[in-house]
Amino acid sequence: MSGCAWHDKALALDSQDALAGFRDRFRRVSGMIYLDGNSLGLLCKDAEQTVLRALDEWRKLAIDGWLDAEPAWFEYGERLGEMMAPLVGAEPDEVVVTGSTTVNLHALVLSFLSQMPVDKRTVLADNQNFPSDLYALDADARLLGGQLKMVESEDGRFITEQAVIRAMTPDIGVAVMPSVLYRSGQLLDMQLLAREASTRGIVLGFDCSHSAGVVPHHFGHWDVDFAFWCTYKYMNGGPGSTAALYLNKKHRDTTPSLAGWWGHRKSTQFEMNTWFEKASGAGAFQIGTPSILGSAALFGVLDVMLEAGIERIREKSVRATAFLIDMVDDVLSELGFGCGTPRESGARGGHVALCHESAWQICEAMKRRRIVPDFRPPDIIRLAPSPLYTSFEEVYQAVCGIRDIVVSGEHEKLNSRRRLVT
């Protein structure tokens, strides 16, 4: 297909985009094509207002903001959890906004693993998971006298569900898998894995940091035991925004191993008793006092996401990543690029991984052209057309920019040594 034909197709898709109006709800940088929303989402104007509201409450109310702010700071975790629950297919008290991703992982895994018999304290994970999860899981297993067992990828990109199921041996007590593999963008069949884990007496949790907010989940229907995720990627909560966790209602009697006063029963929390009365539902897994300014943005952006609808968000994401893959096949394949992301829409998250031996230099050249991608070693350029603010024409322009960089040899003039990346 000619360049003009691709451009015409992009314009046609934009004209049919039911979410096009949401672009103006975000602070987009003039002249920049931003395709890194799978690492940090852009600033939502509604989120900006709810942060300013929290600052104004701090200024006017001081300490009384804990109870007199609207919503009360004291209730932030639960209120935000209720708002987030429809996006992941959960009941309101099964989700709470609290802590950070890795802290929530520790809190959940230690609580379940400590209840397992000594001969079932092996934790199952996979070698394509985000390293922080693996560090935490290895530490938790060793702390309780167990070990970490890995599902190995055969090609360094993907993990098959059958390989995970085969690894669910009798010594496994807890398994933690990513919903979406952060390098390749592969979306695992969470319902299948949850069913298979349940039949083997394994507690299974998912790191949904690369799917929450862009892929609909149905945790309750799938009978997922637990999940956790960050909120600064597709949920656009801002850098370091407060994370979230899900706890299936069947585990409400589970006592947190990492107890803290914010997980105490709300009605008696300020009686300062020396014994712990855990809150009901997911709220029990809160630990310390929450960051109000780190959470406030979520009220604004969740309003936007709920208005857009997670199904419509997913529909556009699938169309945008398919358009990107098709254009890469036609325009970039002869320039040494390969697609490292599943082509089947049901097996793909919200980003596309392009493979190229000069990926790092190409990424740097793209940034000089104000096209913002994401690099993951050793050879992956990640591109995420975020459904709420990325247009199809921007995807078209990004691919054309990559083509021009490689054809001109622009990237070859850049230092091959990598600097620190996020």
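Read-outs throughout are calculated quantities, based only on the coordinates presented, and are distinct from any laboratory measurement. Source: prediction; values computed, not measured. Heads up, the Cβs are rebuilt from the backbone with ideal geometry, glycines too, and the neighbour counts pull from every protein chain shown.
The eigenvalues of the Cα gyration tensor, multiplied by 5 and square-rooted, give segment 145-240 an equivalent ellipsoid with semi-axes of 23, 16, 13 Å from largest to smallest. May I ask for log10 I(q)/I(0) of segment 265-422 at q = 0.09, 0.15, 0.18 Å⁻¹, from a Debye sum over the Cα atoms as equal point scatterers with solvent left out? Each listed q maps to, in turn, -0.46, -0.86, -1.08. Counted by neighbouring Cβ atoms within 10 Å, the residues PHE206, PHE26 run from fewest to most as PHE26, PHE206. Below 14 Å, Cα to Cα, which aspartates and glutamates can LYS9 reach? Residues fewer than 8 away in the same chain don't count. The qualifying aspartates and glutamates are ASP17, ASP326, ASP330, GLU393, GLU394.
Derived scalar couplings between HN and Hα for segment 277-282 equal 10, 5, 5, 7, x, 5 Hz in order, rounded to whole Hz, by the Karplus curve 6.51 cos²θ - 1.76 cosθ + 1.60 (θ = phi - 60°), x for Gly and Pro.
Can you tell me the alpha carbon radius of gyration of segment 77-220 divided by the globular rule-of-thumb value 2.2 N^0.38 Å? Walk me through the intermediate numbers first.
Details: Rg = 14.7 Å, N = 144, 2.2 N^0.38 = 14.5 Å.
This ratio for segment 77-220 stands at 1.01.
In deg cm²/dmol and to the nearest 500, what is the mean residue ellipticity at 222 nm of the chain if only DSSP H runs of at least 4 residues count, each as -39500 (n - 2.57), divided by the residue total? It would help to have the intermediate numbers written out before the result.
Details: 13 runs with 155 residues, N = 422.
For the chain, the value works out to -11500 deg cm²/dmol.
When restricted to Cα atoms, the chain yields an Rg and a Dmax of 22.0, 72 Å, respectively.
Sort out the exposed loop trypsin sites (Lys or Arg not before Pro) in the chain (DSSP loop, at most 10 other Cβ within 10 Å) and tell me the longest stretch that has none. Kindly include the intermediate steps, with their values, before the conclusion.
Numbers: sites that count: ARG417, ARG419.
Result for the longest clean stretch: 1-416.
Here ALA18 and GLN162 are evaluated by their C-beta separation; at R0 = 35 Å the FRET efficiency comes out at 0.45. Largest first and in whole Å, the equivalent-ellipsoid semi-axes of segment 1-107 read 37, 19, 14, each the square root of five times a Cα gyration tensor eigenvalue.
For segment 340-422, GluC sites (Glu not before Pro) meeting the loop criterion (DSSP other than H, G, I, E, B) and having at most 15 other Cβ atoms within 10 Å: GLU344, GLU357. For LYS278, the residues whose amide H sits under 5 Å from its own are ARG265, ignoring neighbours fewer than 5 places away on the same chain, with H placed 1.01 Å from N. From Cα pairs below 8 angstrom and at least 6 apart in sequence, can you work out the relative contact order of segment 48-306, rounded to a whole percent? Taking the mean separation of contacting Cα pairs over the length of segment 48-306, I get 24 percent.
Need one number: the % of Cα-Cα pairs in segment 239-328 sitting beyond the 20 Å mark. Walk me through the intermediate numbers first.
Values: 2320 of 4005 pairs.
Beyond 20 Å sits 58 percent of the P(r) for segment 239-328.
Computed from backbone phi, the HN-Hα couplings of segment 19-29 come to 9, 4, x, 6, 4, 6, 8, 10, 7, 8, 7 Hz, rounded to whole numbers (Karplus: 6.51 cos²θ - 1.76 cosθ + 1.60, θ = phi - 60°; Gly and Pro given as x).
Amide H contacts for TYR246 (H built 1.01 Å from N in the peptide plane; partners 5 or more residues away or on another chain; cut-off under 5 Å): ALA227, PHE228.
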